[in-house]
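Below is one structure, written out as structure tokens; the observations come after it.
The values are calculated or read from the model by the stated rules, or taken from the named source; none is laboratory data. What you see is a predicted model; the values in this text were computed from it and never measured. Glycine gets a Cβ as well: all are built from the backbone with ideal geometry, and neighbour counts include every protein chain shown. We work out accessible area using only protein heavy atoms, side chains counted, and drop any ligands, DNA or RNA first. Shrake-Rupley method; radii C 1.70, N 1.55, O 1.52, S 1.80 Å.
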Amino acid sequence: MKHLLSINDLTASEAISILDTAAQLENLTSGTVKKLPTLRGRTVVNLFFEDSTRTRLSFDAAAKRLSADVTNFAAKGSSVSKGESLKDTAQTLQAMGADAIVIRHSASGAAKRLAESGWVSSSIINAGDGTHEHPTQALLDAFTIRKHFGPIRSDFVGLKVAIVGDIVHSRVARSNVLLLKKLGADVTVIAPPTLIPYGIENWGVAHSFNLDDELESFDVVMMLRVQLERMNEAYFPNGREYSRGYGLDEVRLGRLKHDAIVMHPGPMNRGLEISAAS
Ligand code: CP
């Protein structure tokens, strides 16, 4: 596999193999070995046209731990703000000899466009494209779930996962649904009707407008950020109403199974989709 653009690029066994490799690397690098030579002599460019904290830092740290040379590019402060196109930016990276480009972009499909353009010969990793996908976040989430439940279950089959909140704008939700379904989990998306995507029936998951209905039944509750920056109309009356219907507070937290886990990809709107106590 040359690129990772979507969870659809992976079979279930390839995804499990990535999780296994990540677990081995975690074991190795948590001991005395801090760096591996795997990517020595390779150049990785982190090309971020949208803001990021976790994803950019993670890719930077991962490439460095594998001994790659890393260049971090943020659109802010670059010639993109003078109108330079994705093509011209990409060709500059090609001239630098980038072996891999990790791209985050506000346009859905940007990573695929770069991979299929012929502008670069690099491997492309999608670090989030618009509202479309965030495949490495889903892999990380599956890794976290597996680590938590590893001692008590050997796979994801039948694991009950709720994904709650701003589904319509969430690339994290799309990638998680694809991956968790592929691995055999039983996924329900929960949101107000305005934040459930059109055509949800075709996602192959259950959906609900009520967070309180089956809260006790879930093994994993994944809360999503309300993406106010992508909302150009009112999707709910106000923040208080949203929290009342769909926020994870102490009362709802107390209703979860004793071994359930709460996840959030970050950044979090504390007090909106999740209370400070959660
Ligand atoms: N989860 C996630 O993608 O976080 P950042 O936007 O900080 O990278």
Worksheet item: Name the residues of the stretch 21-59 whose amide N is less than 11 Å from a point 7 angstrom out from the Cα of S81 along the C-beta direction?
Response: none
Discussion item. Quick check: convex hull of the Cα atoms in the stretch 193-278, volume per residue, rounded to a whole Å³?
Written reply: 111
Item to complete: Based on the mean of other Cβ atoms within 10 Å per residue, sort peptides 180-189, 51-60 so the most packed one is first.
Response: 180-189, 51-60
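What fraction of the Cα pairs in the stretch 65-151, stated in percent, has a spacing above 17 angstrom?
On the way: 2097 of 3741 pairs.
Tail fraction, whole percent: 56.
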Discussion item. If I model the stretch 43-82 as equal point scatterers sitting on the Cα atoms and use the Debye formula, what is log10 I(q)/I(0) at q = 0.30, 0.34 Å⁻¹?
Written reply: -0.99, -1.12
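With the full set of protein chains in place, find how many percent of the accessible area of the chain is carbon and sulfur; take the probe as 1.4 Å. Provide the component values of the computation, followed by the final result.
Values: 6990 of 13430 Å².
About 52 percent, which is the carbon plus sulfur part of the accessible surface.
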Worksheet item: In sequence order, what are the phi-derived ³J(HN,Hα) couplings for the stretch 151-162 according to the Karplus relation 6.51 cos²θ - 1.76 cosθ + 1.60 with θ = phi - 60°, rounded to whole Hz, with x for glycine and proline?
Response: x, 10, 8, 8, 8, 8, 5, x, 5, 9, 10, 9
Practice prompt. Report the label-to-label distance for T53 and Q24 in nanometres (one decimal), using points 7 Å from each Cα along the Cα→Cβ vector.
Written response: 3.3
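Could you order the peptides 212-218, 224-230, 8-14 from most to least packed, using the average number of other C-beta atoms within 10 Å per residue? Don't skip to the answer; put the middle values down first.
On the way: 212-218: 15.0, 224-230: 18.0, 8-14: 13.4.
Ranking, from highest mean packing down: 224-230, 212-218, 8-14.
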Practice prompt. Report the equivalent ellipsoid semi-axes for the stretch 1-96 in whole Å, largest first, defined as the square roots of five times the eigenvalues of the gyration tensor built from alpha carbon atoms.
Written response: 28, 17, 13
Item to complete: Write down the accessible area per residue of the chain in Å², having rolled a 1.4 Å probe over the full set of protein chains.
Response: 48
Worksheet entry | Kyte-Doolittle mean at least 1.6, axial Cα span of 15 Å or more - DSSP H helices of the chain | none
Worksheet item: How high is the relative contact order of the stretch 106-180, in percent, counting Cα pairs under 8 Å that sit 6 or more residues apart?
Response: 34
Worksheet item: Of the cross-linked pairs K112/K181; K112/K182; K147/K181; K76/K112; K76/K182; K35/K76, which ones have a Cα-Cα span greater than 25 Å in the structure shown?
Response: K76/K182; K35/K76
Worksheet item: If each of A74 and M1 carries a label point 7 Å out from its Cα toward its Cβ, how far apart are those two points in nm?
Response: 3.0
Worksheet, complete the sentence: Along the stretch 269-278, Karplus-curve 3J(HN,Hα) (6.51, -1.76, 1.60; θ = phi - 60°) to the nearest Hz, with x for Gly and Pro, reads 9, 5, x, 10, 7, 8, 7, 4, 6, 6
Worksheet entry | Residues whose placed amide H lies under 5 Å from that of I261, excluding near-sequence neighbours | V220, V221
Fill in: Largest to smallest principal axis extent of the C-alpha atoms in the stretch 72-206, angstrom
49, 37, 25
Practice prompt. Enumerate the whole-percent occupancy of each 5 Å bin, from 0 to the last occupied one, for all C-alpha pair distances of the chain.
Written response: 1, 5, 12, 15, 17, 16, 14, 10, 6, 3, 1, 0
Discussion item. Going by amide H atoms built from the backbone, whose H comes under 5 Å of the H on I163, apart from near neighbours?
Written reply: T188, V189, I190, M222
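Mind giving me the FRET efficiency for N210 and R153? R0 is 22 Å, r the Cβ-Cβ distance, nearest 0.05 is fine. Could the numbers behind the result be given before it?
On the way: r = 27 Å, r/R0 = 1.23.
Calculated transfer efficiency: 0.20.
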Practice prompt. Over all alpha-carbon pairs of the stretch 122-278, lay out the pair-distance distribution in 10 Å bins, whole %, shortest bin first.
Written response: 10, 43, 37, 9, 1
Practice prompt. Any chance you could run the full-extension gain for R230 through D88? It's 0.36 nm times the residue separation minus the Cα-Cα distance, nm to one decimal.
Written response: 48.5 nm
Worksheet item: Taking amide H positions as placed 1.01 Å from N in the peptide plane, with prolines and chain starts having none, which residues 5 or more places from L4, or on another chain, fall under 5 Å of its amide H?
Response: I124, I125, N126
Response to the item:
HN-Hα couplings for the stretch 190-204 via Karplus (6.51, -1.76, 1.60; θ = phi - 60°), in whole Hz with x for Gly/Pro, come out as 10, 6, x, x, 5, 10, 8, x, 4, x, 4, 4, 8, 7, x
